[in-house]
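Data first, discussion second: the structure below is written as structure tokens.
The values are calculated or read from the model by the stated rules, or taken from the named source; none is laboratory data. What you see is a predicted model; the values in this text were computed from it and never measured. With ideal geometry, Cβ positions are generated from the backbone for all residues, glycine too; neighbour counts draw on all protein chains shown. For accessibility, only protein heavy atoms count, side chains too; no ligands or nucleic acids. Shrake-Rupley method; radii C 1.70, N 1.55, O 1.52, S 1.80 Å.
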Amino acid sequence: MQRSFDFDYLAQLFPKKREFGLSWAKKIAVKKIGKKVLVKKSKNEAFIREAIRLARQNVKSGRGGPFGCVVVHKGSIIAKGQNSVTRTNDPSAHAEIVAIRKACKKLKSFQLKNCIVVSSCEPCPMCLGAIYWARPRALVFASSKKDAAEVGFDDDYIYEELRKKYSDRKLKTIQEIHPTHLIPFQEWKSNHHKIRY
């Protein structure tokens, strides 16, 4: 199945092209014909398009950063998220976190079993961690963290920081051992009524 997209529209979204700068583009056939591009539709294309639409809508409305995310369950979108960091004064309110919270509430579960998280951009370390903890079936994203860095969202910097020793990080990071620091873990281990996650 092939679908025709306007090349000028795609060029606006992905000015550097690089096969449109998308990781998922490697999985679809791309062929330029004049000012048209024929793209073999991927199974996630509609969800990616919606995540990107949410990101663009967020920019136009001035409600937050250029990021959107949807959570898909059994082939349907069950939750949508847009970056709302500045609107809510919440540094954790990234599109993926917002979408995960909504999806978990809808499913009445702290895990996104058999779900797919689809984001307009490669998740930052915080969101990637949340996605791993939510345990969806898959993660799909469009733009890369390098694309985000080029417009001022340097998540790559945090990824680099995580590889460093505590003493080498730009954020002063100190581990202070306390005589009782292991007790919560010991109590958790011996608790027979705990809910594992």
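A residue that is of a type outside the set (Lys, Arg), farther than 22 Å from ALA149 by Cα and in contact with a Phe, Trp or Tyr (Cβ under 9 Å, 6 or more places away or on another chain) can be found somewhere in the stretch 76-96.
The residue that is least open to solvent (accessible area, probe 1.4 Å), among those in the stretch 54-67 that are free of Cβ contacts under 8 Å to residues at least 60 places away in the same chain, part of a loop (DSSP other than H, G, I, E, B) and small (Gly, Ala, Ser), is GLY64. I'd like to know if the stretch 88-102 contains one or more residues that are of a type in the set (Val, Ile, Thr), in a strand (DSSP E or B) and open to solvent by less than 70 Å² (accessible area, probe 1.4 Å). Checked against the condition, which is being of a type in the set (Val, Ile, Thr), in a strand (DSSP E or B) and open to solvent by less than 70 Å² (accessible area, probe 1.4 Å), the stretch 88-102 yields no hits at all.
Restricting attention to the stretch 115-170, the residues being touching a residue at least 12 places away in the same chain (Cβ under 8 Å), assigned to a loop (DSSP other than H, G, I, E, B) and open to solvent by less than 70 Å² (accessible area, probe 1.4 Å) number 5.
Taking the stretch 68-86 as the region of interest, how many residues are among the hydrophobic types (A, V, I, L, M, F, W, C) and either more than 14 Å from CYS127 (Cα to Cα) or without any contact (Cβ under 8 Å) to a residue 40 or more places away in the chain (or both)?
Residues flagged as among the hydrophobic types (A, V, I, L, M, F, W, C) and either more than 14 Å from CYS127 (Cα to Cα) or without any contact (Cβ under 8 Å) to a residue 40 or more places away in the chain (or both) within the stretch 68-86 amount to 5.
Consider the stretch 104-114 and keep the residues that are part of a helix (DSSP H, G or I) and among the basic types (Lys, Arg). The one that is nearest to ILE78 (Cα to Cα) is LYS106.
Of all residue pairs spaced 6 or more apart or on separate chains, none has beta-carbon atoms under 7 Å together with a first member in the stretch 87-101 that is farther than 15 Å from PRO66 by Cα and a second member that is exposed (fewer than 13 other Cβ atoms within 10 Å of the Cβ).
Within the stretch 134-146, can you find the residues that are at pLDDT 95 or above and more than 13 Å from the chain's Cα centre (by Cα)? Result: ARG135, ARG137. Residue selection: VAL70 satisfies the criterion of being under 29 Å from TYR157 (Cα atoms), within 14 Å of the chain's Cα centre (by Cα), assigned to a strand (DSSP E or B) and of a type in the set (Val, Ile, Thr).
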